[in-house]
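The structure appears below as structure tokens.
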Amino acid sequence: MKSLNAQASASYWENRAEYLRTTDSVVAIEIAKGLIAHGRAVGLVNQKLVVVGASVAMSAMQAAVRELASLGSPVQDSMLGYNLQENLKWLSSESDVSKVELAKMEFALLPVLLNELQEGEQLIIHRTLAENPELFVAIVCELYRPASQVDTDVEGNHPPVQEFERQRAAVAWRVLKEWRTPPGVDGSGNLDYSRLMVWLAAARGAASVEDRVEVADHCIGAVLLHTPRDPVSGDWPSTTLARVLEELTSDAVESGLEIEAFNTRGVTTRAMLDGGQQERELAAQWTIRAESVPARWTRAKRTCERIAASWEQTAKEMDERAAQRRLRH
């Protein structure tokens with residue numbers, strides 16, 4: 001290759017097969033570097049990259065992210081998502097690979113990975129979000145516009161959104177929707193006050209800089225629903241979470257928690273003439289939770305009371321629908 005002039009060398013790399021087909025790591029690395037340099041990283045990563053080592057593989061994956069973003073539309077290749085996922089799994093087991101960088105890469109590639117993901121699957125990025133508040137805010141920014149633009153943004157007042165950008169926003173929504181790994185949990189599985197408050201301060205500070213405080217608080221509230229029970233009493237919310245809610249004084253955090261309490265219920269079934277007994281049982285559970293919260297934690301107690309009241313209202317609506325159906329039958 002060194003004997004070829006620039007034109008011949010470029011022609012070679014533009015037309016060479018992308019598959020490595022060698023177990024010689026030195027040769028494989030040279031091939032990989034040549035393909036990356038000539039804009040063919042997407043084809044390169046559509047195979048297992050163990051032979052080139054973690055460092056070159058990360059370079060290839062990062063180059064593939066840039067190439068995919070520049071295309072503006074998804075690549076139609078049924079094997080690409082599978083091979084990307086396999087490479088990500090392997091890289092996550094390598095001790096010298098930054099977990100934060102890997103999580104960012106995974107997020108950028110998720111539009112391609114969607115077909116390989118299972119509903120509710122916790123990804124590298126979910127675990128990293130719990131440790132990296134800046135990454136959390138970056139994902140919030142993928143999904144939501146700044147608050148100052150929401151009211152002024154009108155049709156035709158912003159550049160057209162590319163399909164790849166739409167997919168990234170859809171992925172951001174899915175990542176946040178399925179986030180079940182809350183920040184602040186220690187190695188024993190308990191919620192640590194200091195650790196959580198440090199994360200919250202950094203996340204809310206970064207969200208303020210990006211003009212997305214309220215939407216970030218909503219997302220924070222949603223993941224706080226998944227915090228562990230109190231290690232002493234076994235109650236939820238734990239004393240730590242109740243204290244945090246009291247100190248945050250954020251209606252948006254509490255609203256996000258309340259909405260998540262409804263969203264996580266999932267699909268339900270009932271007989272045609274059944275009323276709201278299921279919802280009434282949920283209301284009773286949340287009433288018990290509210291009663292178990294000490295009076296000094298007013299915000300946590302009221303949050304539980306509002307959730308209970310909402311389930312009770314839903315139960316009444318279900319009763320009314322059942323009564324109407326009985327009249328027709």
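The values are calculated or read from the model by the stated rules, or taken from the named source; none is laboratory data. What you see is a predicted model, and the numbers here were worked out from it, not measured in a lab. For neighbour counting, all protein chains shown are included, and Cβ atoms are generated from backbone atoms with ideal geometry for every residue, glycine included.
Scan the stretch 1-39 for residues that are basic (Lys, Arg), at pLDDT below 95 and surrounded by 12 or more Cβ atoms within 10 Å (Cβ to Cβ) and jot them down. Outline the logic, then answer.
The initial filter retains those residues of the stretch 1-39 that are basic (Lys, Arg), namely 2, 16, 21, 33.
Still in the list and also at pLDDT below 95: 2, 16, 21.
Once the filter is applied, which keeps residues that are basic (Lys, Arg), at pLDDT below 95 and surrounded by 12 or more Cβ atoms within 10 Å (Cβ to Cβ), the stretch 1-39 yields only Arg16.
Counting only helices (runs of 4 or more DSSP H) that sit wholly inside the stretch 75-145, those with at least 3 residues that are more than 21 Å from Ala201 (Cα to Cα) and under 15 Å from the mean Cα position of the chain (by Cα) are 99-113.
In the stretch 245-284, what residues are out of contact with any helix residue (DSSP H, G or I) (no Cβ under 6 Å at 6 or more places or on another chain) and assigned to a helix (DSSP H, G or I)? Of everything in the stretch 245-284, those that are out of contact with any helix residue (DSSP H, G or I) (no Cβ under 6 Å at 6 or more places or on another chain) and assigned to a helix (DSSP H, G or I) turn out to be Glu247, Leu248, Asp251, Ser255, Ile259, Phe262, Asn263, Gln277, Gln278, Glu281, Ala284. Quickly run through the stretch 236-267 and pick out the residues that are of a type in the set (D, E, K, R) and either within 15 Å of Glu178 (Cα to Cα) or surrounded by fewer than 17 Cβ atoms within 10 Å (Cβ to Cβ) (or both). Matches in the stretch 236-267: Glu246, Glu247, Asp251, Glu260, Arg265. Restricting attention to the stretch 285-303 and to residues that are part of a helix (DSSP H, G or I) and among the small types (Gly, Ala, Ser), the residue that is surrounded by the fewest Cβ atoms within 10 Å (Cβ to Cβ) turns out to be Ser292.
Take the conditions surrounded by fewer than 15 Cβ atoms within 10 Å (Cβ to Cβ), at pLDDT 95 or above and at negative phi and apply them to Pro231. Does it pass? For Pro231, the condition - surrounded by fewer than 15 Cβ atoms within 10 Å (Cβ to Cβ), at pLDDT 95 or above and at negative phi - is met.
Mind counting the residues in the stretch 61-74 that are touching a residue at least 60 places away in the same chain (Cβ under 8 Å), assigned to a helix (DSSP H, G or I) and either surrounded by fewer than 18 Cβ atoms within 10 Å (Cβ to Cβ) or not hydrophobic (A, V, I, L, M, F, W, C) (or both)? Quick ask: steps written out before the conclusion?
Step one: filter the stretch 61-74 for residues touching a residue at least 60 places away in the same chain (Cβ under 8 Å), giving 68-69, 71-74.
Still in the running and assigned to a helix (DSSP H, G or I): 68-69, 71.
Pick out the ones that are also either surrounded by fewer than 18 Cβ atoms within 10 Å (Cβ to Cβ) or not hydrophobic (A, V, I, L, M, F, W, C) (or both) and you get 69, 71.
The qualifying residues number 2.
Considering only the stretch 177-190, how many residues are of a type in the set (A, V, I, L, M) and closer than 14 Å to Leu257 by Cβ? Steps first, answer last, please.
Step one: filter the stretch 177-190 for residues of a type in the set (A, V, I, L, M), giving 185.
Applying the additional criterion that residues be closer than 14 Å to Leu257 by Cβ yields none.
Here the count works out to 0.
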